[in-house]
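Right, one structure below, let's go through it.
Here, each number is a calculation from the coordinates, and none is a lab measurement. Fair warning: this is a prediction, and the values are worked out from it, not measured in the lab. All Cβ positions, glycine included, derive from the backbone under ideal geometry; neighbour counts span all protein chains shown.
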Amino acid sequence: MTASSIFGTSSSLLQRFRAAPVDVPDLLDVATELLPRLATPGLRLTLVRGSGTGTVLRVEEDERREQIPLVELADDMSRAGVPGTPAGIAAALRTYVARRPVTDAAAARTGIAVLDWADGSETAVGWTVVVVRGDLALPWAPSPAARSVELHRTRSAATGRAHDVALDVRVEGPLALWSHRTVPVLATSALVAPELMLHRILTAGLSAADMHVVVTPHRPVVCAAPGVARRLAGQTSEASVTLPWRHVVDLPWL
């Protein structure tokens, strides 16, 4: 886990400049008090005195193990503009724990199938499994110990759960927009059943002979006639993938 992917950066350079840096002793005090409240029977959060590295935060859950020296974590928080106050540090520490890697068991138990980018250049999408923690959706990367049959079962169960995700759909002119109120990437869960998606769009009053979808992971899904979909994708600078609704179910698993 890195600062850029977990804490983000402040939208204001001036705010980051003014923010007091996070001191290691303050982080240790907050962590000592907070971590026992964040731990669960399956999630172990411990502070360990490391050799030559000072105190280390160790996060252990099922097959996942990782640790980070507090001095490094404090530096990451400071670079991201986290306020060096007890409240600011506590909020950042909660975020760090919430963004821990997804275990195989968690993915099998609560995973949901969604579409995400298949490559760093954002030119293709594929199916993946995410686990929702609050307003976060964390992707699952199978551990080396996960067998093929377990992968299949987890993905099949995640596809089934995607049918039950409550989504908002609204028609705006020639477009139908699918969105989730709190976790944007879940909007793509509707695409596990494109026929039902198309039926709901028709019921909402939008008719198209050959509906296409414009997929921008972590954004609402747009459904429109082919020409409209292509024009929409060409008018935005944001990366997206446009494809016929029938092709969605054949996309690969990441």
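Gain on full extension, evaluated as 0.36 nm per residue between D250 and S156 minus their Cα-Cα distance, stands at 32.4 nm. Taking the helices alone, the chain has a mean residue ellipticity at 222 nm of -10000 deg cm²/dmol, built from -39,500 (n - 2.57) per DSSP H run of at least 4 residues and averaged over all its residues.
If I fit a long axis through the Cα atoms of helix 24-38 and take the longest principal axis of the Cα atoms of the chain, what angle between them do I get, 0 to 90°, rounded to 10? Once rounded, the angle reads 60 degrees. The length gained on full extension between E60 and T203, counted as 0.36 nm times the residue separation minus their Cα-Cα distance, comes to 46.7 nm. A simple spin-label model places the labels of V149 and A39 3.5 nm from each other, with each point 7 Å out along Cα-to-Cβ.
Taking amide H atoms as placed 1.01 Å from N in the peptide plane, the amide H of W253 lies under 5 Å from those of W127, each 5 or more residues away in sequence or on another chain. For the pair V71 and T53, label points projected 7 Å from Cα toward Cβ lie 1.2 nm apart. Taking amide H positions as modeled 1.01 Å from N, with prolines and chain starts lacking one, the residues under 5 Å from V56 and 5 or more places away or on another chain are V48, R49, G50, L70.
Arrange the peptides 49-57, 82-90 so that the one whose residues have, on average, the most other Cβ atoms within 10 Å appears first.
Numbers: 49-57: 13.4, 82-90: 17.6.
Packing order, densest peptide first, comes out as 82-90, 49-57.
Using only Cα atoms and rounding to the nearest 10 degrees, what angle (0 to 90) does helix 148-162 make with the longest principal axis of the chain? For helix 148-162, the angle is close to 70 degrees. Reducing the range 38-52 and the range 214-254 to their Cα centroids gives an inter-centroid distance of 43 Å.
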